[in-house]
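Notes for the one structure printed next.
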Amino acid sequence: MVARASVSRGHRSSRPLRRHLEGWAFAAPWIIGFVVFTAGPMIASAVMAFMSWDMLTPPRFTGLANFHTALFGDPLVWHALKVTTTYALIAVPVNIVFGLALAMMLNSGIWGLRAYRTAYFLPSVLSGVAVALLWRWIFSNQFGLINLLLSYFGINGPNWLGDANWALPSLILMNIWAAGGGMVIYLAGLQGIPTDFYEAAEVDGADWWARLRHITIPLVTPALFFQLVIGIIQALQVFTQPYVMTQGGPYNATLFYVLYLYQNAFQFFQMGYASILAWILFFYILLLTLLVFRSGRSWVHYEGESRGGK
């Protein structure tokens with residue numbers, strides 16, 4: 001009896017260990033992928049930021065020389081950061097407003113909701129290169145679709161991608177194409193708003209604008225906050241569109257920061273300098289994200305918190 005009891009206790013004690021091993025085994029692919037493709041390259045980039053390496057000769061330690069050059073000796077860094085920030089400041093709010101407007105339209109109970117939702121969401125999941133090539137044709141000066149439509153009204157369209165004054169606005173205009181991704185999130189938030197709020201507001205005589213301002217917008221702010229954070233992060237890392245459509249031109253009008261980083265790494269073979277550019281962008285995005293989170297305390301409304309406060 002004593003032997004059986006000891007065997008049963010040993011069997012029970014081995015179950016938690018086996019479960020832990022099984023859990024680590026299932027998580028191992030993600031852990032290995034994170035270490036190899038994320039953590040490892042980040043550590044290597046942090047070390048390379050203090051070195052000069054052209055991929056042909058051994059790396060040479062240079063201390064803070066790359067950092068000093070990026071901030072004080074290379075005006076293109078600030079220009080690229082200005083172009084990228086300008087794009088983010090305009091494209092992100094426009095995308096949010098357009099996506100919310102589409103969501104409100106689809107939430108009004110129109111016929112064919114699923115078809116419209118699929119049609120608007122589909123562009124956000126298409127390949128970035130394919131979309132860039134499509135829009136390069138649309139913006140073409142000679143045989144583009146936009147200039148063709150403008151010619152029917154007697155308007156001579158501009159050289160969208162070849163004019164320094166129109167190149168960046170063209171990419172901002174193109175960004176509306178992917179508003180369907182945020183539209184789905186806004187639509188889910190709108191459908192989660194209780195109809196009792198709108199019925200009570202109508203009884204009190206509130207018009208459409210009052211219902212939008214005091215009910216719809218406050219209750220959909222969590223979705224707006226999420227899209228704002230994701231939109232800023234994505235807008236500051238734009239690469240495919242300028243790389244495929246303009247190569248940063250004309251006259252560096254669309255020289256986005258990540259494109260300039262790519263040029264230093266794989267065209268100029270300055271891997272150390274490209275690494276410090278990557279870390280500058282990392283901390284810039286981190287700072288802006290923290291500021292957005294800080295501001296969210298004053299304008300993001302969470303239903304659970306309001307109930308708790310009551």
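Quick notes
- Taking His68, His20, His79 in turn, the Gaussian network model of the chain (Cα-Cα springs below 10 Å) assigns the largest fluctuation to His20.
- Mean ellipticity per residue at 222 nm, deg cm²/dmol - from DSSP H runs of n ≥ 4 across the chain, formula -39500 (n - 2.57): -21500 deg cm²/dmol
- Choice from Trp177, Trp299, Trp166 showing the highest fluctuation, given a GNM over the chain with Cα pairs closer than 10 Å: Trp299
- Three-way shape label, segment 190-310, alpha-carbon gyration tensor, a/c 1.5: prolate
- Judged by the ratio a/c of the largest to the smallest principal axis of the C-alpha gyration tensor, segment 8-148 counts as oblate, that ratio being 1.5 or greater while a/b is no larger than b/c.
- Packing rank of 212-223, 116-127, where each peptide gets the mean count of other beta carbons within 10 Å, highest leading: 212-223, 116-127
- Among Ala46, Ala265, Ala115: highest mean-square fluctuation, GNM of the chain, C-alpha pairs under 10 Å: Ala115
- Burial order of peptide ranges 106-112, 180-186 (average beta-carbon count within 10 Å, highest first): 180-186, 106-112
- When each full DSSP H helix of the chain is screened for a Cα extent of at least 24 Å along its own axis and an average Kyte-Doolittle hydropathy of at least 1.0, the helices passing are 75-106, 217-235, 271-299.
- Rounded to the nearest 20 debye, the dipole magnitude of the chain is 1340 debye, with +1 charges on Lys and Arg beta carbons, -1 on Asp and Glu beta carbons, and the Cα centre as origin.
- The Ala44 and Tyr152 beta-carbon pair, evaluated with R₀ = 51 Å, returns a calculated FRET efficiency of approximately 0.40.
- Extending 7 Å from Cα along the Cβ direction at Ala130 and again at Ser108 yields two label points whose distance is 3.2 nm.
- With contacts taken as Cα pairs under 8 Å at a separation of at least 6 residues, the chain carries a relative contact order of 27 percent.
No lab work stands behind these numbers, since they all come straight from the coordinates. Just so it is clear, the model here is predicted, and its values are computed rather than measured. Here the Cβ is made from the backbone with ideal geometry for all residues, glycine too, and neighbour counts use every protein chain on show.
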